[in-house]
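Notes follow once the structure below has been shown.
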Amino acid sequence: MAAEPTRVLLLGGTGEALALARALEAEPGLDTVYSVAGATRNPRLPALATRRGGFGGAAGLADYLCRHGIACLVDATHPFAAGISANAATAARTAGIPLLAVQRPGWTPGPGEHWHRVPDTAAAARALGDEPRRVLLAIGRQEVPAFCTAPQHTYLIRCVEPPERAPPCAEHLLQRGPLRYADERALLRERAIETLVTKDAGGAATRGKLDAARDCGVAVVMVGRPPSPAAAAHTAATPAEALDWLRRLQDRDDR
């Protein structure tokens, strides 16, 4: 008699999550549900069972895990989604199942790169200074309102969907990454950008903007990651590592 597949809940919304989900499409021993928070109206989705929206906090997520017989929870959310990761850690403990955190490393400045690191977007707005500057905001849409405290600057706001509130001198550039280095360099030059504000999201897919800023002499304000809410017992740096770990888990469950 064939063994039952191992049920997995994958909390996604990142490029790594999507890559892992697409790899899991061809894994018959793993029955995966892909979940996104719903902050983006048209997210990229894999050919897996999917769900959108929140769970109702850690308690709601734990209830979902138990009711649906989930054997493993994978947190592949954005490095800045600290609240979701905290709920995932609590829910996995409550349900008594393993948690795998897919944690891409942060960026490290290379030769010729001198970033102004700040702890949050409020500090990033202050770091821009009093003198008006042309600023590219590449931080997503949810934290754009923090820059309303610095209305003296001219902002080009790059995001997938427009923010609900923005500084008065702002233009929206609706784009979905990843973007090529050549395109990033052209954008910085054509718009005469003086400062790039970005989050330490890590990964190779969006590092082109940092390379372009270095080569164009654009200052970089780097928003640091929030403190990790809880240390996961199991971590993976890449989708390939995560897939290997899940295969080992499935093999163990089959014994």
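Which residue, R104, R176, R207, has the most motion in a Gaussian network model of the chain that connects Cα atoms within less than 10 Å?
R176
What does the extension gain come out to for R252 and D130, with contour length at 0.36 nm per residue minus their alpha carbon separation?
38.0 nm
Counting only residues 5 or more places away or on other chains, whose amide H sits under 5 Å from the amide H of I157 once H atoms are built in the peptide plane?
Close amide H contacts, sequence-distant or interchain: L137, E171, H172, L173.
Please give the Cα centre distance for the stretch 94-163 versus the stretch 62-93, rounded to the nearest Å.
Here the two parts' Cα centres lie 25 Å apart.
What ³J(HN,Hα) values, in whole Hz, does the Karplus curve 6.51 cos²θ - 1.76 cosθ + 1.60 give for the stretch 64-78 when θ = phi - 60°, with x put for Gly and Pro?
Working through the residues one at a time gives 4, 4, 6, 5, 9, x, 6, 9, 7, 10, 10, 9, 10, 7, 5 Hz.
Cα convex hull of the stretch 116-223: mean projected area in nm², to one decimal?
It is 5.9 nm².
Enumerate the calculated ³J(HN,Hα) couplings along the stretch 199-208 in order (Karplus 6.51 cos²θ - 1.76 cosθ + 1.60, θ = phi - 60°), each rounded to whole Hz, writing x wherever the residue is Gly or Pro.
9, 6, 6, x, x, 7, 5, 10, 6, x
Roughly speaking, what is the stretch gain from H116 to A82, that is 0.36 nm per residue apart minus the C-alpha to C-alpha distance, in nm to one decimal?
10.0 nm
Between A123 and Q175, with labels modelled 7 Å along Cα→Cβ, what's the label distance in nm to one decimal, could you check?
Using points 7 Å along Cα→Cβ, the separation is 2.7 nm.
What are the residues whose amide H is under 5 Å from the amide H of K199, where those residues sit 5 or more places off or on another chain and H is modelled from the backbone?
Sorted by chain and number, the residues that satisfy this are V223.
Contour minus end-to-end for Q142 and E164, with contour as 0.36 nm per residue of separation and end-to-end as the Cα-Cα distance?
In short, 7.1 nm is gained.
Using the count of nearby Cβ atoms within 10 Å as a rough guide to exposure, how do T154, T149, T32 rank from fewest to most?
T149, T154, T32
Using a 10 angstrom cutoff on alpha carbons, build the Gaussian network for the chain and name the most mobile of L196, L187, L18.
Its mean-square fluctuation being the largest, the pick is L187.
For Cα extents along the principal axes in Å, which listed value, (i) 88, 37, 30; (ii) 53, 43, 32; (iii) 70, 33, 30, comes from the coordinates shown?
Computed from these coordinates, Cα extents along the principal axes in Å corresponds to label (iii).
Distance from a point 7 Å along Cα→Cβ of L45 to each backbone N in the stretch 68-95: keep the residues under 20 Å and list them by number.
The answer is 68, 74-78, whose backbone nitrogens lie closer than 20 Å to the label point.
Rounded to whole Hz and in sequence order, give me ³J(HN,Hα) for the stretch 18-35 from the Karplus expression 6.51 cos²θ - 1.76 cosθ + 1.60, θ = phi - 60°, writing x for Gly and Pro.
Result, ordered by residue: 5, 5, 5, 4, 5, 5, 6, 4, 9, 9, x, x, 10, 9, 10, 10, 9, 10 Hz.
FRET efficiency for E241 and A186, Cβ-Cβ distance as r, R0 = 41 Å, nearest 0.05?
After rounding to 0.05, the efficiency reads 0.75.
Values quoted throughout were computed directly from the atomic coordinates according to the rules given, and no laboratory measurement underlies them. This is a predicted model, so every value here is computed, not measured. Positions of Cβ are generated from backbone atoms using ideal geometry, with glycine treated the same way; all protein chains shown enter the neighbour counts.
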